[in-house]
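The values are calculated or read from the model by the stated rules, or taken from the named source; none is laboratory data. Computed from a predicted structure; not experimentally measured. Heads up, the Cβs are rebuilt from the backbone with ideal geometry, glycines too, and the neighbour counts pull from every protein chain shown. Please note that ligands, DNA and RNA were not included when accessible areas were found on the heavy atoms of the full protein model with its side chains. Shrake-Rupley method; radii C 1.70, N 1.55, O 1.52, S 1.80 Å.
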Amino acid sequence: MTRILVWTCLLSLLFVTGCARFAANASRPTFQPLQISALEVDAAEPVTTSAPDGGVYVAWVNHNENNQADVMLAQFDNAGTTVASPVRVNQQSGVATAWRGDPPSIAVTDRAVYVLWTARVEVQDKKGTDLYLSVSHDKGKTFAAAVKVNDDKVPGAHGMHSLAVPHDGRIYVAWLDERNIDMPQPSPHAGGHHMESNRDLFVAYSVDGGKSFSANKKVASDACPCCKTSLAVAPDGTIYAGWRQVLPGNFRHIAVASSTSGAESFSAPVIVSDDKWMIDGCPVSGPSLAVAANGDVRVLWYAAGEGSAPGLYYAESHDKARTFIPRVQMAEENVKGTPALAAAQNRAIAIWQGWGAQQAETKIRELGGTGAVVSVAANGELPSGAISKDKLFVAYIAKTGEKRSIWLTKF
């Protein structure tokens with residue numbers, strides 16, 4: 001207990017300077033929430049990232065009644081003003097697919113905008129998903145033809161993906177894959193995620209801006225099949241991959257592995273925390289990773305293990321993910337989906353959907369235990385966020401009747 005209290009105090013000192021301006025204004029958004037998806041369109045799965053110019057990009061998925069979907073992208077400046085009308089990322093209309101546990105992934109550098117997404121695949125009686133990267137060199141106005149990431153030929157599930165593009169321009173992709181899994185069970189977005197077989201964690205990389213990808217490499221087995229993966233790259237080039245590992249006894253805990261070889265090989269997985277969470281199904285909630293300017297690895301996740309309250313937890317490593325300091329609870333409540341971690345330099349904000357008896361609620365809290373939980377949207381679902389030039393942008397889903405829409409707010 002003393003160790004945890006000391007760590008919390010140290011974290012408070014670390015973040016109080018960098019987050020002071022945010023904390024002072026965190027009680028209310030700096031502008032009225034803006035609906036960014038089109039009216040009368042069923043839109044879901046938002047993901048948000050910052051841009052080098054101080055702006056922000058939001059990607060999401062439009063769904064229609066024929067089980068078709070399109071990945072959309074919109075750009076905003078630092079004031080939250082729309083820079084251009086939303087564009088469709090996938091060149092062929094309707095081929096995309098996504099569900100609440102597996103939104104698109106996005107990264108923006110001074111070179112390009114990168115969007116990772118899944119497409120439906122059906123060959124004879126076999127169905128699955130393929131993983132594609134689309135790249136824009138004009139700030140998201142147009143996209144080149146998408147490039148397939150997974151290199152297997154037989155249709156199967158490829159999803160729960162994540163994306164990282166550091167300053168050197170290399171592109172790293174991680175995902176869960178069933179190519180080596182015997183007798184795969186029904187897909188989670190077809191219902192029945194509790195019957196899903198465990199999957200393997202795979203990675204690939206590109207050194208030519210996304211025109212081609214390396215041979216796919218397996219990093220780990222027995223990954224929880226419906227929990228999102230996460231990637232982060234440290235200033236020194238170390239790559240960190242996070243996922244939910246299924247351990248003997250059906251314990252499902254967060255694992256992290258690292259690579260110092262440009263994703264050619266990874267270390268043995270390290271379990272971040274012994275949450276004692278045994279569950280006979282997938283919680284559809286993975287980790288979010290970020291790396292501070294000093295190289296510290298941050299992990300945010302949800303757990304509901306034996307002997308502790310369900311809630312949002314946070315841990316940090318000071319030795320390149322070899323060990324993690326005991327977890328700290330950020331919020332005591334049920335959390336739906338994968339929590340988001342918006343980070344910039346030494347600032348980091350947790351973003352999540354609380355799930356009460358009556359309604360969803362999007363919430364935020366700065367890491368380190370300094371400051372209270374702040375409500376962003378009383379009806380906000382499955383949020384994502386990014387820090388861009390000291391502004392926090394949060395995108396979330398809100399329902400109007402049976403239709404879902406994407407909203408953006410700013411602090």
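Descriptive notes on the structure:
- Single residue of the range 238-281 satisfying the filter (open to solvent by 10 Å² or more (accessible area, probe 1.4 Å), of a type outside the set (Phe, Trp, Tyr) and in a strand (DSSP E or B)) that is nearest to Val297 (Cα to Cα): Ser258
- Boolean, Ser267 is within 27 Å of Thr49 (Cβ to Cβ), out of contact with any Gly (no Cβ under 7 Å at 6 or more places or on another chain) and in contact (Cβ under 8 Å) with a residue 40 or more places away in the chain: yes
- Unmet requirement for His137, which otherwise passes all of (1) within 21 Å of Ala164 (Cβ to Cβ); (2) within 21 Å of the chain's Cα centre (by Cα): (2)
- Restricted to the range 335-376, and to residues there that are open to solvent by 40 Å² or more (accessible area, probe 1.4 Å) and polar (S, T, N, Q), the residue that is modelled with the highest pLDDT is Thr338.
- Looking only at the range 282-324, and only at residues there that are of a type in the set (S, T, N, Q) and open to solvent by less than 10 Å² (accessible area, probe 1.4 Å), the one that is farthest from the chain's Cα centre (by Cα): Ser317
- Top-ranked residue in the range 319-366 [being part of a strand (DSSP E or B) and aromatic (Phe, Trp, Tyr); ranked as farthest from Val56 (Cα to Cα)]: Trp355
- Elements of type strands (runs of 3 or more DSSP E) contained in the range 143-217, each with 1 or more residues being out of contact with any Cys (no Cβ under 7 Å at 6 or more places or on another chain), basic (Lys, Arg) and at pLDDT 95 or above: 199-206
- Of the listed requirements (1) touching a residue at least 60 places away in the same chain (Cβ under 8 Å); (2) surrounded by fewer than 22 Cβ atoms within 10 Å (Cβ to Cβ); (3) at positive phi, Gly401 misses just one: (1).
- Strands (runs of 3 or more DSSP E) (entirely within the range 54-128) containing at least 3 residues that are buried (at least 20 other Cβ atoms within 10 Å of the Cβ): 56-63, 69-76, 105-108, 113-123
- Criterion (polar (S, T, N, Q) and either within 20 Å of Ala386 (Cα to Cα) or open to solvent by 40 Å² or more (accessible area, probe 1.4 Å) (or both)) met by exactly one of Ser50, Ser134: Ser50
- Checking each residue in the range 222-237 for being in a strand (DSSP E or B) and either open to solvent by 50 Å² or more (accessible area, probe 1.4 Å) or in contact with a Lys or Arg (Cβ under 8 Å, 6 or more places away or on another chain) (or both) picks out Asp222, Ala223.
- Search result, residues across the range 208-234 that are under 10 Å from Ile171 (Cα atoms) and touching a Leu at 6+ places or on another chain (Cβ under 9 Å): Gly210, Phe213
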